[in-house]
Amino acid sequence: MAIDSLNLVKLSDLAGTEDGKLKLAEEYKGIIENVGRRTISSLFKNQRLSGDPQAGTLVAKRFASAKSEEYGTARKARKGKPGRGFEVAVDIDIDKEIMEEYEEKDIRLGGIPGLLSERRTAITRAMVRELDENFFLVAVGKRKESDGTVGTVAGGTEVTVSGDTIKDRVTAVVMKLHTQKNEFVDGIEKEDIHVVLSPEAYEEMRDYIDTKGNANIKTDVAEFGRYHGAWIYSNVHQPEGVEIIAMCTGAIAEPVMADEYQAKQIELSNAYAIGMFFHYGCKVVMPDLIFFSKKPGAASASETGGESGGTTRAKSTKLS
């Protein structure tokens, strides 16, 4: 009887009792917070977006660098130089859902909030996989749509770097970004550079770090965080064949909206559906501040039309 009573109380939550709503809301909030903590992309994606997400589009603004003028220029012209820049529209156009069905007997002891709590990790991992996979696909000029198809989009620049060791290859890619100059940037500070490695490359890099007895890094921990000032990450969702991705903070925007799904009994059954819907967009804002390289020996875009220059060869991905 105790089990039946508990079950009845929990199921009454589905009818809309405040206690049930609060518990479900708490579980959903926990899932969203976990996703934010566990996605690599959330650490350096573009957060400076304006607009109403409910309208389906947000805008990222990018301004050109400031330039000094001879003293008296503004006074003579009676005005300052107008700010220069452009806007990048980021459509929230990828719609996804994670929906699971459970029989009443599966939720008899813990109820819907309890079951959702048990599935929190699995749902979190599914969202993390979705968001990080697409974020880094976009970095290399591809994007997965709602139906799972992968298309070509504006991405970063692929470079072919020389170097027999991962240390040399990482350094070469980082220096491409660190020394980048155009009307928008005059070099990128190392603290704003994020280097994402395939798990194999990360382990090779870590092995190198471990050989340095005086390195300012604790070699008994799993992560080493930074290398020569740049942030380093191991990415299990790295695009296939890509060894190194380096980008500046804010180079890609990926706004996300999540909708709670009020658990409901499935018609003409004793089963219940739990899960959530989420919608997001993913677009490069600063294509000039993203560089990536393939694994040594892998076919690269630069080998099919890129121009040679110094120790690296580069080719920008096609704009669309």
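The values are calculated or read from the model by the stated rules, or taken from the named source; none is laboratory data. Worth saying up front: this structure is predicted, and the values here are computed from it rather than measured. Quick reminder, even Gly has a Cβ in these numbers, built from the backbone with ideal geometry, and neighbours come from all protein chains shown.
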Handout entry: Residues within the range 115-154 that are in a helix (DSSP H, G or I) and crowded, with 16+ Cβ neighbours inside 10 Å, tallied
Key = 18
Fill in the blank from the handout: Restricting attention to the range 178-191, the residues that are without any contact (Cβ under 8 Å) to a residue 60 or more places away in the chain and buried (at least 19 other Cβ atoms within 10 Å of the Cβ) number exactly 1
Exercise for the section: Hey, can you tell me all the residues within the range 55-66 that are assigned to a loop (DSSP other than H, G, I, E, B) and either modelled with pLDDT of 70 or more or aliphatic (A, V, I, L, M) (or both)? Expected result: Gly56, Ala64, Ala66
Handout entry: Matching option when the condition is at pLDDT 70 or above, crowded, with 17+ Cβ neighbours inside 10 Å and assigned by TED's automatic domain parsing to the domain that holds Ile92, among Leu49, Leu11, Leu24
Key = Leu49
Completion exercise
Of Lys76, Lys81, Lys29, the only residue that is among the charged types (D, E, K, R), modelled with pLDDT of 75 or more, loosely packed, with under 15 Cβ neighbours inside 10 Å and more than 27 Å from Met127 (Cα to Cα) is Lys76
Fill in the blank from the handout: Inside the range 180-211, the number of residues satisfying the requirement of being assigned to a strand (DSSP E or B) and either in contact with a helix residue (DSSP H, G or I) (Cβ under 9 Å, 6 or more places away or on another chain) or not assigned by TED's automatic domain parsing to the domain that holds Gln238 (or both) is 5
Completion exercise
Checked Asp95, Asp91 against criteria (closer than 19 Å to Pro287 by Cβ, modelled with pLDDT of 75 or more and touching a Ser or Thr at 6+ places or on another chain (Cβ under 6 Å)); the one match is Asp91
Fill in the blank from the handout: Going through (1) surrounded by 15 or more Cβ atoms within 10 Å (Cβ to Cβ); (2) under 27 Å from Thr39 (Cα atoms); (3) touching a residue at least 24 places away in the same chain (Cβ under 8 Å) one by one, Met175 fails only at (3)
Handout entry: Tyr102 at pLDDT 80 or above and among the hydroxyl-bearing types (Ser, Thr, Tyr)
Key = yes
